[in-house]
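Chemist: This is the structure, below, for whatever I ask next.
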Amino acid sequence: MRQPAPVTAPLTVPLDPALRGALDDLADATGRRPEDIARDAVEAWVRGEEARVRAAAERLALAHAGLLRKLGE
């Protein structure tokens with residue numbers, strides 16, 4: 001049995017005219033919708049930021065492992 005497609009909430013992002021024009025030009029050149037390009041870009045940025053924040057948290061946890069261990073006692 002097929003699962004229904006996930007429901008997504010729309011998000012409005014104001015873009016300056018030059019950026020919107022560049023996005024529209026890219027969409028036209030690649031045969032994609034501007035919304036699809038924007039969604040892919042946001043997804044890539046979020047994944048990168050998640051990895052950066054996770055790495056920073058791991059570095060902090062490692063640097064302060066002794067203190068964290070004492071706090072947990």
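One line per residue, one yes/no per condition, for (1) of a type in the set (Asp, Glu); (2) modelled with pLDDT of 95 or more:
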| position | (1), (2) |
| --- | --- |
| Ala29 | no, yes |
| Asp40 | yes, yes |
| Arg47 | no, yes |
| Val53 | no, yes |
| Leu60 | no, no |
| Ala63 | no, no |
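Chemist: Just need a number here: residues in segment 21-73 that are in a loop (DSSP other than H, G, I, E, B) and surrounded by 10 or more Cβ atoms within 10 Å (Cβ to Cβ). Full working, then the answer.
Modeler: Step one: list which residues in segment 21-73 are in a loop (DSSP other than H, G, I, E, B), which gives 31-33, 64, 72-73.
Okay, now just the ones that are also surrounded by 10 or more Cβ atoms within 10 Å (Cβ to Cβ), so 32-33, 64.
Selection size over segment 21-73: 3.
Chemist: How about segment 1-20: which of its residues are among the hydrophobic types (A, V, I, L, M, F, W, C), part of a helix (DSSP H, G or I) and either touching a helix residue (DSSP H, G or I) at 6+ places or on another chain (Cβ under 9 Å) or surrounded by fewer than 10 Cβ atoms within 10 Å (Cβ to Cβ) (or both)?
Modeler: We begin by selecting, within segment 1-20, every residue among the hydrophobic types (A, V, I, L, M, F, W, C); these are 1, 5, 7, 9, 11, 13, 15, 18-19.
Right, trim to part of a helix (DSSP H, G or I) and you get 18-19.
Ala18 - this is the single residue of segment 1-20 that is among the hydrophobic types (A, V, I, L, M, F, W, C), part of a helix (DSSP H, G or I) and either touching a helix residue (DSSP H, G or I) at 6+ places or on another chain (Cβ under 9 Å) or surrounded by fewer than 10 Cβ atoms within 10 Å (Cβ to Cβ) (or both).
The values are calculated or read from the model by the stated rules, or taken from the named source; none is laboratory data. Because the structure is a prediction, the values reported are computed rather than measured. As a convention, Cβ positions derive from the backbone with ideal geometry for all residues, glycine included, and neighbour counts pool all protein chains shown.
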